[in-house]
Amino acid sequence: MEAQQLTTLTGVIDKKMNRQLKQYMDICARCAICKDACHQYVGTGDFTYLPARRAELIRQIYKKYFDKAGRFVPALYEARDPDENLLDELYESTYACTGCRRCMYYCPFSIDTAWILSVAKAILIAAGRGNEMLGQLADAAIFKGDNAAMFEGVMLSGFEDISEEVRAITGNPEHQVHVNKEGADILYVALAGAHSIRPAAVIFEEAGESWTISMFEAANYGYFYGDAEKARLITKRYIDEAKRLGVKEIVVPECGHAYRVAEIFYEAWSGEPMPFKVSHILEKVDEYIKAGRITVDRDKIDGTVTYHDPCQIGRNGGVFDAPRDIVRAVTSRFVELTPNREQQWCCGGGGGIVAMEEFKDVRLKSGGKKVEQLKASGASVLACPCENCRLQIEELNEVHGLGLEVWQVIDLVVAAMPFKATPEADAATM
Amino acid sequence: MSDDVKVDLELDLKGLLCPLPMVKVSQNITNVPVGGVIRAVATDPGAMADIPAWAQSTGNEVLSAEKEGAEFVFLVKRLK
Ligand code: SF4
Ligand code: SF4
């Protein structure tokens, strides 16, 4: 490795390593408790995916350049240069990690391996080895933000089509997807797909909510890619929009990382406190049901229903009860997966891994625990409020022939709502 | 427009939710030669913004993006 590149990479480590991360470098007891917590290690038995091993690669570079003992006797302290071999290993173990932080939950020292791997991503990007697909997805989102006028026409026509579908479902000719509504209480930042907008619009309109839709999507591939500046720019698109429209609250959709990005990371990336209250859409829906602002009929959903806690919403976001209360409101046949809540197994689809074809094999193997849990539950319907989890579980469903119906939670709610509408409306809700 | 262009690869992206249509186009772009064209058919309206944004930011070209009934049809040319 050239001296210049070495200086760049060690500079990245120096800049990223704060006190907490340095402490993580020192305190790992190599007890390997984390190995049984990681769905990827459990599913593959491959050392590359053992959480402590992933972190060890960063620790080895750190020891070589920032630790006195490692600097002077590198062999004794397993200190290593970030050479091509190490970077190859680092790429594989870092971009495969779904950031579920189940390893941290079980680690006796609460070592946050996913956080350590954010340093690894910064190193890989500086070495020109960032994941290409995630980088492209991030750049496309930034391009959309910088050239919003270019996309306005197609977005507005898409929203109009969805408004028609909403009216067909609710039977109310007044209902619509509100766009650019200044002074609305809520800015709903959906995903790019209509499936994330249509049921939310039905619920907001039926609840009489004052809301408007964002022209941008909540997904943030800059975060998965590991570039804090790109991630900040992607989030800033809708924060600026919320400021311009003068809303009071930002509501994020059924997406795991979008909630954590807005609620937790934006402040760290921008140095500016998040200027709006941030809610997950399921927190709002739960409120509407409990306040009687929308009505749901229990047991319109056939079958036994279970719920998967997406890691970024549950373990890492702290939202456990609102989704369960919603599911219990629409069915009396609710069963938990075991384990659940903080201990829930990662499905294997997080961290942007579903967009990275090269990790397909490890991704499918790593879903083994989720498959076991789903089978053991006896459920025929799964409610799951994260797009990446649903993509993964739908694929597991197919591969393992589970015969499961995988639903967004808001789709279950809409299916349970009584409308004055017509047979077409019933068809449109499906 | 689509009648005049030689298509090198057809992609059926119907039923895929965004951003997967864009991901699939990106994954397949190197399966056509430089100057070659992918014809992609998606059903998620979000692709109408996603695929052109991906093309612009990666230096490729969307020759056309058209709504045909419930489908969105793209002709994407590989430029590099
Ligand atoms: S559980 Fe914690 S202390 Fe034990 S090996 Fe894993 S990271 Fe290290
Ligand atoms: S965050 Fe999840 S995927 Fe990553 S190492 Fe820990 S348990 Fe494994």
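Mind giving me the nanometre distance, one decimal, between the label points for residue A:83 and residue A:375, set 7 Å out from Cα along Cα→Cβ?
Here the answer is 4.4 nm between the modelled labels.
Just to check I understand the Karplus step: with θ = phi - 60° and J = 6.51 cos²θ - 1.76 cosθ + 1.60, what whole-Hz values come out for the stretch A:290-303, glycine and proline as x?
3J(HN,Hα) across the stretch A:290-303, in whole Hz: 5, 8, x, 7, 10, 10, 10, 8, 6, 6, 7, 8, 7, x.
Below 8 Å, C-alpha to C-alpha, sequence gap of six or more: please give me the relative contact order for the stretch A:290-376 in percent.
Computed over the stretch A:290-376, the figure is 28 percent.
Can you give me the C-alpha center-to-center distance between the stretch A:283-355 and the stretch A:184-203, rounded to a whole angstrom?
First find each Cα centre; the distance between them is then 18 Å.
Just grab the label-to-label distance for residue A:172 and residue A:18, each label 7 Å out from Cα along the Cβ direction, in nm (one decimal).
For the pair residue A:172/residue A:18, the computed spacing is 4.4 nm.
With viscosity set to 0.692 mPa s at 37 °C, what whole-number translational diffusion coefficient in µm²/s follows for the stretch B:9-77 from Stokes-Einstein and a Kirkwood radius over Cα pairs?
285 µm²/s
What's the total accessible area buried between chains A and B, using a 1.4 Å probe, rounded to the nearest 100 Å²?
Summed over both sides, the interface buries about 1700 Å².
How high is the relative contact order of chain B, in percent, with contacts defined as C-alpha pairs under 8 Å that are six or more residues apart?
Computed value for chain B: 34 percent relative contact order.
What span do the alpha-carbon atoms of the stretch A:3-130 cover on each of the three principal axes, reported in whole Å from largest to smallest?
For the stretch A:3-130, the Cα extents along the three principal axes come out at 39, 29, 25 Å.
Per residue of the stretch A:332-348, what does 6.51 cos²θ - 1.76 cosθ + 1.60 with θ = phi - 60° give for ³J(HN,Hα)? Whole Hz please, x for Gly and Pro, Karplus curve as stated.
Whole-Hz 3J(HN,Hα) from phi for the stretch A:332-348: 9, 10, 9, 10, 7, 6, 10, x, 9, 6, 4, 8, 3, 6, 5, 6, x.
Where does the charge balance sit around residue A:92 when Lys and Arg score +1, Asp and Glu -1, over other residues with C-beta under 10 Å from its C-beta?
Once all neighbours under 10 Å are counted, the net charge is -3.
Can you work out D for the stretch A:135-291 in µm² s⁻¹ from Stokes-Einstein, where Rh is the Kirkwood radius over C-alpha pairs, the temperature is 25 °C and the viscosity is 0.890 mPa s?
155 µm²/s
Counting only protein heavy atoms and a 1.4 Å probe, tell me what percentage of chain A's accessible area is made up of carbon and sulfur.
49 percent
Assuming R0 = 22 Å, what is the FRET efficiency of residue A:295 and residue A:185, from their Cβ-Cβ distance, to the nearest 0.05?
It comes to 0.55.
Just the accessible area per residue of the protein assembly as shown, please: how many Å² with a 1.4 Å probe?
I get 40 Å² per residue for the protein assembly as shown.
Whose amide H sits under 5 Å from the amide H of residue A:405, counting only residues 5 or more places off or on another chain, with H placed in the peptide plane?
A:381, A:382
With just the Cα atoms defining each centre, how far is the stretch A:90-147 from the stretch A:242-265? Give it in Å.
21 Å
Using the alpha-carbon centroid of each, what span in Å lies between the stretch B:1-60 and the stretch A:218-232?
23 Å
Return the FRET efficiency for the residue pair residue A:46, residue A:106: r is the Cβ-Cβ distance, R0 is 30 Å, and the value is rounded to the nearest 0.05.
After rounding to 0.05, the efficiency reads 0.95.
Return the loop-located trypsin sites (Lys or Arg not before Pro) in the stretch A:219-326 (DSSP other than H, G, I, E, B) with at most 16 other Cβ atoms within 10 Å of their own Cβ; answer none if there are none.
Within the stretch A:219-326, the qualifying trypsin sites (Lys or Arg not before Pro) (loop, at most 16 other Cβ atoms within 10 Å) are A:248, A:293, A:298, A:300.
Cross-link list A:22/A:277; A:144/B:80; B:6/B:80; A:370/A:420: which exceed 29 angstrom alpha carbon to alpha carbon?
A:22/A:277; A:370/A:420
For a quick check: with amide H placed at 1.01 Å from N, whose amide H comes under 5 Å from residue B:11's, ignoring anything fewer than 5 positions away on the same chain?
Close amide H contacts, sequence-distant or interchain: B:39, B:40, B:41.
Using just the helices of the protein assembly as shown, give the 222 nm mean residue ellipticity in deg cm²/dmol: DSSP H runs with n ≥ 4 each add -39,500 (n - 2.57), and the total is spread over all residues, rounded to 500.
Taking each H run of at least 4 residues, the total per residue is -14500 deg cm²/dmol.
Convert each backbone phi in the stretch A:371-388 into a coupling constant with the Karplus relation 6.51 cos²θ - 1.76 cosθ + 1.60 (shift: θ = phi - 60°), then list the ³J(HN,Hα) values in order as whole Hz, x for Gly and Pro.
Working through the residues one at a time gives 4, 4, 4, 5, 4, 5, 6, x, 6, 10, 10, 10, 9, 8, x, 8, 4, 5 Hz.
Given 20 Å bins starting at zero, what is the percent of C-alpha pairs of the protein assembly as shown in each, up to the one with the largest pair distance?
Reading the bins upward from 0: 22, 55, 21, 1.
Measure nothing fancy, just the Cα-based angle from helix A:132-146's long axis to the longest principal axis of chain A, in degrees from 0 to 90, nearest 10.
Long axis of A:132-146 versus the principal axis of chain A: about 50 degrees.
Please name whichever of A:50, A:295, A:98 sits farthest to the positive end of the charge dipole of the protein assembly as shown, dipole taken about the Cα centre and charges placed at Cβ: Lys and Arg +1, Asp and Glu -1.
Of the candidates, A:50 comes out farthest on the positive side.
Sequence-distant or interchain residues sharing an amide H contact under 5 Å with residue A:193, placed H: which?
Amide H to amide H, under 5 Å and 5 or more residues apart or across chains, residue A:193 pairs with B:18.
The values are calculated or read from the model by the stated rules, or taken from the named source; none is laboratory data. Every value quoted in this text rests on a predicted model; they were computed, and no experiment measured them. As a convention, Cβ positions derive from the backbone with ideal geometry for all residues, glycine included, and neighbour counts pool all protein chains shown. Side chains are part of the model used for accessible areas, which takes the heavy atoms of the whole protein and leaves out ligands, DNA and RNA. Shrake-Rupley method; radii C 1.70, N 1.55, O 1.52, S 1.80 Å.
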